[in-house]
Amino acid sequence: MAAPAALRFDGRVALVTGAGNGLGRQYALMFASRGAAVVVNDLGGDLNGGGKSTKAADIVVDEIRSKGGNAVANYDSVENGARLVQTALENFGRIDIIVNNAGILRDNLFARTSDTDWDLVHRVHSRGAFQVTRAAWPHMKKQKYGRIIMTSSSAGIYGNIGQASYSTAKLGLVGLSYTLSDEGIKYNINCNAIAPFAASRMMTPVVPDEVVAQLKPDYVAPVVLYLCHESCDETGSLFEVGAGWIAKLKWSRSHGAVVRKKGVPMLPEDVRDNWNKITDFTNFTFPENFQRPYLVLNEIESDTDTSATKPLRSATRNHNVNPSYKTPLKSDVVFTEMGKRVTTDMVNKINAVFLYTITDENGKTLSQWTMDLKNGSGSVYSGKPKQDKPAATLTISDDNYLDMVSGNLNSQEAFASGKLKFTGNIMLLEKAGKLFEDQSKL
């Protein structure tokens, strides 16, 4: 039986920030050794963000070239992200991989953290990753390919004394990674975050020397390369990595408790009296999205408990999902609430039947709902019209529909931008505009 093929990066261009030392250096060397053209970015500053030198990047580039690899140096700050990406485009004609690795430390107890130190850490970690990735994004979209790594930290995941600014920035990059994963999926752009544990300049001030001596960036770099390979479809995930150990992290959520009832004020005492339920993780779930608060609306109205239904994150980040499971949609709750608010007056004003087709962000139909404002006293129900052909059919994604009925997306702008599509009588659609305004009060 033939051995699996080695993971190669021939024809790919990788940009690694902070690649003059430690982890970044190892990433650059390994990408180059497997055929990638590499932009080695390093400002050449010290651990605290001071100073500038070309030496660190040049040494790595020379090492890559001495081994037959292809690399160029870039000495800009990551705050000038467009310059880094331009270096890749000018030298190699494209950009495929971004590893946001650059970082600094300005450690201090929270009460002693200055505005300057706080801002500098965020400028390098958060703003730097934003600037570099944003500059590369349109090129990745156009070529319909991209792999992005955000570098988080155990300090961001768990917190750490003396690292308030650093931990805030590092967990923020996880959120950015999740969002880019969702936005990039239809362009074949994957984005993941890692929390590495390896010997580096930033680690030595906070980790004993005997531990640092046993850790190598060599045990982190293979994870980054796999996540950046074209054969890997993992996206929107967070991994802890170190010393050859790799683990994927997920949020867990308690079963929770609904502590208010319809028409009854919610009081602090209601929270106190349900605290054990709220904090009980006996029947925990792994939440993948924020749909639960929307499901609670139905739960309160119908006096049922929907929390046993395990919610999922958006389809862009679902892996190994049971195909028989139907993900609850945010629009389901809205249509249910709309049905409770249909009046005879609306029927008299509209006198038409509408069919709503709700899709995912890629245009795949997820559900259909009928708004019958013609027959009887009116109704809203799941499925196609039971009687009368729809005078107009509206097609919109689940997220955009929620934005529209909540007033965050104007229906005319949605139509003009292609987010809202319709067939049928446009005059009736204009009549329905008033109904959309009323829906925004839900």
Notebook entry, point to check: In segment 11-36, how many are modelled with pLDDT of 95 or more and within 28 Å of the chain's Cα centre (by Cα)?
Noted result: 18
Notebook entry, point to check: Looking only at residues in segment 220-265 that are at pLDDT 95 or above, of a type in the set (A, V, I, L, M, F, W, C) and open to solvent by 30 Å² or more (accessible area, probe 1.4 Å), which one is farthest from Tyr187 (Cα to Cα)?
Noted result: Ile246
Check: Is it the case that Leu7 is over 22 Å from Ala56 (Cα atoms), over 25 Å from the mean Cα position of the chain (by Cα) and open to solvent by 10 Å² or more (accessible area, probe 1.4 Å)?
Finding: yes
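Out of curiosity, is Val271 without any contact (Cβ under 8 Å) to a residue 60 or more places away in the chain and touching a helix residue (DSSP H, G or I) at 6+ places or on another chain (Cβ under 9 Å)? Step through it out loud before you land on a result.
Values: without any contact (Cβ under 8 Å) to a residue 60 or more places away in the chain: yes; touching a helix residue (DSSP H, G or I) at 6+ places or on another chain (Cβ under 9 Å): yes.
Considered against the rule, which asks whether it is without any contact (Cβ under 8 Å) to a residue 60 or more places away in the chain and touching a helix residue (DSSP H, G or I) at 6+ places or on another chain (Cβ under 9 Å), Val271 comes out as yes.
Got a sec? Which of Pro138, Pro205 is at pLDDT 95 or above, of a type outside the set (A, V, I, L, M), out of contact with any helix residue (DSSP H, G or I) (no Cβ under 9 Å at 6 or more places or on another chain) and at negative phi?
Working: Pro205 fails: at pLDDT 95 or above.
The match here is Pro138.
Going by the structure shown, is Gly81 of a type in the set (Gly, Ala, Ser), out of contact with any Asp or Glu (no Cβ under 8 Å at 6 or more places or on another chain) and either outside any helix (DSSP H, G or I) or open to solvent by 30 Å² or more (accessible area, probe 1.4 Å) (or both)?
Details: of a type in the set (Gly, Ala, Ser): yes; out of contact with any Asp or Glu (no Cβ under 8 Å at 6 or more places or on another chain): yes; either outside any helix (DSSP H, G or I) or open to solvent by 30 Å² or more (accessible area, probe 1.4 Å) (or both): no.
Answer is no for this residue.
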Notebook entry, point to check: Residues of segment 141-177 being among the small types (Gly, Ala, Ser), touching a helix residue (DSSP H, G or I) at 6+ places or on another chain (Cβ under 7 Å) and over 28 Å from Val39 (Cβ atoms), which ones?
Noted result: Gly159, Ala164, Ser167
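Report those strands (runs of 3 or more DSSP E) wholly inside segment 324-382 carrying at least 3 residues which are at pLDDT 85 or above and crowded, with 16+ Cβ neighbours inside 10 Å.
Details: elements: 352-359, 365-373, 379-382.
So the answer is 352-359, 365-373.
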Next item on the list: Kindly provide the set of residues from segment 68-91 that are closer than 21 Å to His125 by Cα and among the charged types (D, E, K, R), ordered by number.
Entry: Asp76, Glu79, Arg83
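How many residues are open to solvent by less than 60 Å² (accessible area, probe 1.4 Å) and assigned to a helix (DSSP H, G or I) when one looks only at segment 266-275? Outline the logic, then answer.
First, the residues of segment 266-275 that are open to solvent by less than 60 Å² (accessible area, probe 1.4 Å): 270-271, 274.
Checking which are assigned to a helix (DSSP H, G or I) leaves us with 270-271.
Adding up the residues that qualify gives 2.
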Next item on the list: Test Tyr294 against the criterion of being within 30 Å of Asn190 (Cα to Cα), open to solvent by 30 Å² or more (accessible area, probe 1.4 Å), outside any loop (DSSP other than H, G, I, E, B) and at pLDDT below 95, and give yes or no.
Entry: yes
Margin query: Condition first: modelled with pLDDT of 95 or more, open to solvent by less than 30 Å² (accessible area, probe 1.4 Å) and either in a loop (DSSP other than H, G, I, E, B) or under 30 Å from Asp117 (Cα atoms) (or both). Can you find one or more residues in segment 44-54 that meet it?
Written below: no
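Checking the conditions here, which among Gly20, Gly24 is assigned to a helix (DSSP H, G or I), open to solvent by less than 50 Å² (accessible area, probe 1.4 Å) and of a type outside the set (A, V, I, L, M)?
Details: Gly20 fails: assigned to a helix (DSSP H, G or I).
Only one candidate qualifies: Gly24.
In the set Ala36, Ala32, which member is surrounded by 15 or more Cβ atoms within 10 Å (Cβ to Cβ), of a type in the set (Gly, Ala, Ser) and touching a Phe, Trp or Tyr at 6+ places or on another chain (Cβ under 6 Å)? Outline the logic, then answer.
Numbers: Ala32 fails: touching a Phe, Trp or Tyr at 6+ places or on another chain (Cβ under 6 Å).
Of the residues listed, the single one that is surrounded by 15 or more Cβ atoms within 10 Å (Cβ to Cβ), of a type in the set (Gly, Ala, Ser) and touching a Phe, Trp or Tyr at 6+ places or on another chain (Cβ under 6 Å) is Ala36.
The values are calculated or read from the model by the stated rules, or taken from the named source; none is laboratory data. Here the structure is a predicted model, which is why all the values come from computation and not from measurement. Note: ideal-geometry Cβ built from the backbone for every residue, glycine included; neighbour counts use all protein chains shown. Keep in mind that these areas ignore ligands, DNA and RNA; they rest on the heavy atoms of the full protein, side chains included. Shrake-Rupley method; radii C 1.70, N 1.55, O 1.52, S 1.80 Å.
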